[in-house]
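Below is one structure; the comments refer to it alone.
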Amino acid sequence: MDNFGALMKLDELVSSMKKKEEKSKTRDAIVIALAILGVVAAVAGIAYAVYRFVTPAEDEFDDDFDDDFNDDELIAFGDEDEEDEKDAKAEDKE
């Protein structure tokens, strides 16, 4: 009977170790998956940082274009204002 009791305890021990191994396998799989996602996210972040550093700033280009466009408008409006002033002076003289 002592052998039977010892075999039962041994069987419980083996089954509990199998459960622990299964849990550790699932934990290992989860850790590996999260590690892979972390590496992919890090590489994507580095690639984005390099892209932003290497490419020229588009905002500066747009601002330069807008400034040139606005300067042209101001010159055109300035010419009309000068013509209006000349016409007003000519009318005053008459």
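The values are calculated or read from the model by the stated rules, or taken from the named source; none is laboratory data. These numbers were taken from a predicted model, which means no experiment stands behind them. All Cβ positions, glycine included, derive from the backbone under ideal geometry; neighbour counts span all protein chains shown. Side chains are part of the model used for accessible areas, which takes the heavy atoms of the whole protein and leaves out ligands, DNA and RNA. Shrake-Rupley method; radii C 1.70, N 1.55, O 1.52, S 1.80 Å.
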Restricting attention to region 22-56, the residues that are open to solvent by less than 70 Å² (accessible area, probe 1.4 Å) and not in a helix (DSSP H, G or I) number exactly 1
Filter result for Lys19 (out of contact with any Pro (no Cβ under 7 Å at 6 or more places or on another chain), of a type outside the set (A, V, I, L, M, F, W, C), at pLDDT 70 or above and part of a helix (DSSP H, G or I)) = yes
